[in-house]
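Chemist: One structure is given below, represented as structure tokens, and several questions about it will come after.
The values are calculated or read from the model by the stated rules, or taken from the named source; none is laboratory data. Just so you know, these numbers come straight off a predicted model, no measurement behind them. All Cβ positions, even for glycine, are placed from backbone atoms using ideal geometry, and neighbour counts span all protein chains on display. Each accessible area value is taken on the protein alone, full model and side chains, heavy atoms only, with ligands, DNA and RNA left out. Shrake-Rupley method; radii C 1.70, N 1.55, O 1.52, S 1.80 Å.
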Amino acid sequence: MTDSADGTPRRGTCRACGGTTAQFLDLGRQPLSDRFLTEDQLADEFFFHLAVGVCAGCTMVQLMEEVPREEMFHQDYPYHSSGSSVMQKHFADTARHLLEHEATGPDPFVVEIGCNDGVMLRTVHEAGVRHLGFEPSGGVADVARGHGVRVVTEFFEESTARRVRETDGPADVIFAANTICHIPYLDSILRGVDALLAPDGVFVFEDPYLGDILDKTSFDQIYDEHFFFFSARSVQALAARFGFALVDVERLPVHGGEVRYTIARAGARQPAERVAALIGEEDARGVADRSRLDRFAADVEGIRTDLLALLNSLKAEGKRVVAYGATAKSATVTNFCGIGPDLVSWVCDTTPAKQGRLTPGTHIPVRTPDAFTPDAVDYALLFAWNHADEIMAKEQEFRRAGGQWILYVPRVHVTS
Ligand code: SAH
Ligand code: TYD
Ligand code: ZN
């Protein structure tokens, strides 16, 4: 159901430029993707309408409805960035890269928006470099502090950025990973960056890339916390509206395909050639064209049909099917497809705050990874497909004993 009753696409207001958005995908009623429930919380679950649109003006792809930020990011926010060893290495490398190439002055200052458990900033701290993390989710902020990282338990926005400019001076680098795409109030963020960034400083952020999401039909990247789906063109337009320029882009393999955007004050740096190259590629592929986005929506329907057919036939054969990785992404898949404990008995996950609870909306029990043994499982639906290499390397015994993995990205298939 993409359109209103009269057949015209539903419209909204673009949170990046104020233009008009048109809806192209409806994923229905959805819960908070990171709210893992105890039995007594089942009665008062929070639901919202998950649908995606594209702006006719600036091409930004975005959710049609916003969830209040305090519902998502709070003391008990369960996502710990350090839960993957590949991501730990990625962020240690990122920190070293920033220290070597950007934070090079006499007393550099590095700010991170959404530092979570300190996965990136702990390397900056260990290098003895002045830093500050903004992390509104108190539980993970405390973990970062335990690693010696300096953190304020606050949302980054214009007012908090201005205060830090007053107390700490200008930032040479403002970094964010998997956080800017979470923030509908981009105008306040960009004004905050303007207030805090040194004249020759850079704002570097990395987020899931629209081009990869379309290529892989990874519609599970769409959930309450992921409000924007960036492309080089939409980020360039956003930067320009606030007196900045997109000066570099780098494609990253993590989380199913991301882009790291580097933004500087307009005129401060010569944009790298690869900025124009990536925008040219996006235009040629038509990543923001209605026809491409409609095809994506049709591909999503195809995945739902195929995945349900597979799970139902495995159930009919009496196979034991479980899932691996209680990801936020999987809330979209399970709720959109209608996959509950009747089709997937339980899901295992290493995160203590998720274990012993039930998945949002579909109420599949979350267990510890030691439940995942070849004796107990025939098929494993890989919700954490973005960590496939890491997980499959860890669970080789499952495959050796005849267990099989089910993936739904880029299409539904079973590993043989
Ligand atoms: N950077 C980490 C964490 C990503 S999860 C990583 O890449 O793994 C997103 C984080 O952003 C959460 O920890 C959430 O609490 C935080 N966040 C959300 N809105 C924010 C804001 N306005 N300012 C700072 N952090 C924010
Ligand atoms: P992730 O895909 O990083 O993010 P999101 O929740 O935003 O979709 O989440 C990975 C989840 O999988 C996280 O809950 C930790 C879990 N996990 C395991 O259980 N085992 C593993 O080996 C890895 C790498 C992750
Ligand atoms: Zn717009």
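Chemist: Six or more apart or on different chains, Cβ under 8 Å: which pairs go from a residue in region 118-130 that's open to solvent by 30 Å² or more (accessible area, probe 1.4 Å) to one that's near ligand 1 (Cβ under 10 Å from one of its atoms) and among the β-branched types (Val, Ile, Thr)? Could you list them?
Modeler: Pairs found: none.
Chemist: Now, a different point. Residue 25 - would you say it is more than 16 Å from ligand 1 (Cβ to nearest atom), crowded, with 20+ Cβ neighbours inside 10 Å, at pLDDT 95 or above and not basic (Lys, Arg)?
Modeler: Numbers: more than 16 Å from ligand 1 (Cβ to nearest atom): yes; crowded, with 20+ Cβ neighbours inside 10 Å: yes; at pLDDT 95 or above: yes; not basic (Lys, Arg): yes.
Spelling it out, residue 25 is indeed more than 16 Å from ligand 1 (Cβ to nearest atom), crowded, with 20+ Cβ neighbours inside 10 Å, at pLDDT 95 or above and not basic (Lys, Arg).
Chemist: Within region 220-237, which residues are in contact (Cβ under 8 Å) with a residue 60 or more places away in the chain, closer than 13 Å to residue 279 by Cβ, open to solvent by less than 10 Å² (accessible area, probe 1.4 Å) and part of a helix (DSSP H, G or I)?
Modeler: 234
Chemist: Another one. Among the numbered conditions (1) out of contact with any Asp or Glu (no Cβ under 6 Å at 6 or more places or on another chain); (2) within 15 Å of residue 17 (Cα to Cα), tell me where residue 203 comes up short.
Modeler: Looking at each condition in turn, residue 203 falls short on (2).
Chemist: Which pairs turn up if I take residues in region 332-353 that are more than 10 Å from ligand 2 (Cβ to nearest atom) and look for partners that are among the basic types (Lys, Arg) with beta carbon separation below 7 Å, at least 6 apart in sequence or on another chain?
Modeler: Going by the 7 Å Cβ cut-off, the qualifying pairs are 336/304; 337/304; 343/315; 345/320; 346/367.
Chemist: All but one of (1) open to solvent by less than 10 Å² (accessible area, probe 1.4 Å); (2) farther than 27 Å from residue 73 by Cβ; (3) aliphatic (A, V, I, L, M); (4) not in a strand (DSSP E or B) hold for residue 240; state the number of the condition that does not hold.
Modeler: Looking at each condition in turn, residue 240 falls short on (1).
Chemist: Could you list, in sequence order, all residues of region 261-277 that are open to solvent by 10 Å² or more (accessible area, probe 1.4 Å) and of a type outside the set (Val, Ile, Thr)? Spell out how you get there, then give the answer.
Modeler: Step one: of region 261-277, the residues open to solvent by 10 Å² or more (accessible area, probe 1.4 Å) are 262, 265-274, 276-277.
Residues satisfying the conditions are 265, 266, 267, 268, 269, 270, 271, 272, 273, 274, 276, 277.
Chemist: Scan region 79-93 and tell me whether some residue there is open to solvent by 70 Å² or more (accessible area, probe 1.4 Å), over 22 Å from residue 191 (Cα atoms) and away from ligand 2 (no atom under 16 Å from the Cβ).
Modeler: No, because not a single residue in region 79-93 is open to solvent by 70 Å² or more (accessible area, probe 1.4 Å), over 22 Å from residue 191 (Cα atoms) and away from ligand 2 (no atom under 16 Å from the Cβ).
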